[in-house]
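Report on the following structure.
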Amino acid sequence: MERQRADKFEDLIAWQKARELTRAIYQATASGSFAKDFGLRDQVRRAAVSVMSNLAEGFERGRRSEFHQFLSVAKASCAELRSQLYVALDATHLNPSTFRRLILQAEEVARIIGGLRKAVHKQRLLARISTPGTKSAKPQSSVLSPQS
């Protein structure tokens, strides 16, 4: 698998998977009792949107240190979403099959973000070693693109 440069946030596998998760969340919350539980429905949707939004915003900030921070927030939003899915299951808004599918998707997104966060952290450390006293560069290098 060849690593390719990500020039825009849409190239990030993590963002693409988060987008798929968000689409699935919107579909799961659009009907039945879930659609009528406005508070939980909206909170679940906001958590899903937060994941992909933090990935995009962090990437566009232009510094590895900021990207790393936004990756942490995105990963935490995945955890928030998973917790809310348990509430939805317990409130019988989700059947067990849909719950399992969404939880697995959220766990996959969290794993990808975690791996990306580790890679960005490593890049930050390498940049400090190779050029002491300089700021981190834009977080474009060594991120898997959709072609890989």
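Looking at the stretch 117-125, can you tell me whether even one residue there is part of a helix (DSSP H, G or I), among the polar types (S, T, N, Q) and surrounded by fewer than 17 Cβ atoms within 10 Å (Cβ to Cβ)?
no
For the stretch 75-103, enumerate the residues that are touching a residue at least 40 places away in the same chain (Cβ under 8 Å) and small (G, A, S).
Hits for the stretch 75-103 are A88, A91.
I'm checking my understanding of the structure. Among residues of the stretch 45-70 that are outside any loop (DSSP other than H, G, I, E, B), touching a helix residue (DSSP H, G or I) at 6+ places or on another chain (Cβ under 7 Å) and among the basic types (K, R), which one is surrounded by the fewest Cβ atoms within 10 Å (Cβ to Cβ)?
Of everything passing the filter in the stretch 45-70, R45 is surrounded by the fewest Cβ atoms within 10 Å (Cβ to Cβ).
Does S77 satisfy the condition of being farther than 22 Å from R100 by Cα, modelled with pLDDT of 95 or more and among the hydroxyl-bearing types (S, T, Y)?
no
Within the stretch 1-44, can you find the residues that are of a type in the set (S, T, N, Q), under 26 Å from R63 (Cβ atoms) and either outside any helix (DSSP H, G or I) or touching a residue at least 40 places away in the same chain (Cβ under 8 Å) (or both)?
Listed by number, the residues that qualify are Q4, Q16.
The values are calculated or read from the model by the stated rules, or taken from the named source; none is laboratory data. Everything quoted here is computed from the prediction, not taken from an experiment. Because the Cβ atoms are built from the backbone with ideal geometry, glycine has one as well, and the counts that use them run over all protein chains shown.
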